[in-house]
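Engineer: Have a look at this one.
The values are calculated or read from the model by the stated rules, or taken from the named source; none is laboratory data. Everything numeric here is computed off the predicted structure, so don't read it as measured data. Positions of Cβ are backbone-derived with ideal geometry, glycine not excepted, and every protein chain shown enters the neighbour counts.
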Amino acid sequence: MSFPWANEYKPNHPLMQWLDEKLPLPRFVYNAVGAGYPVPRNLNYFWNFGVLSGVALMIQIVTGIVLGMHYAANELVAFGTTE
C-alpha cells in the first residue's frame, strides 16, 4: 500500500479466506471501494439519500429511453409493447 493509513485486506472468516484464495473478488472490492482509508468527519448517513436518489434518477432515465424506443402509440398495439 502506498499510504501509511491504508490497511491490508485480511479476511477473518474461514469461508472468506477460502474465497479469497480461490477468487480474489473480496480483495478487489475492498481495494477498489474502501481499502481502509479514513472517513471524513462530515460524512453521515444522509449522503446515502443523495446516492439513492441519483441511482433512482439513472434507472428512470434508462427505462424511459428503452420505453421510448419500443412503445407504439397506436391504441391497438400499445398494450402489447409494454408487456
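Engineer: Considering each of Ala73, Ala56 in turn, give the residue that is under 17 Å from the mean Cα position of the chain (by Cα) and either modelled with pLDDT of 75 or more or assigned to a helix (DSSP H, G or I) (or both).
Structural biologist: Working: Ala73 fails: under 17 Å from the mean Cα position of the chain (by Cα).
Only one candidate qualifies: Ala56.
Engineer: Scan segment 45-83 for residues that are surrounded by 10 or more Cβ atoms within 10 Å (Cβ to Cβ) and of a type in the set (D, E, K, R) and report the count.
Structural biologist: 0
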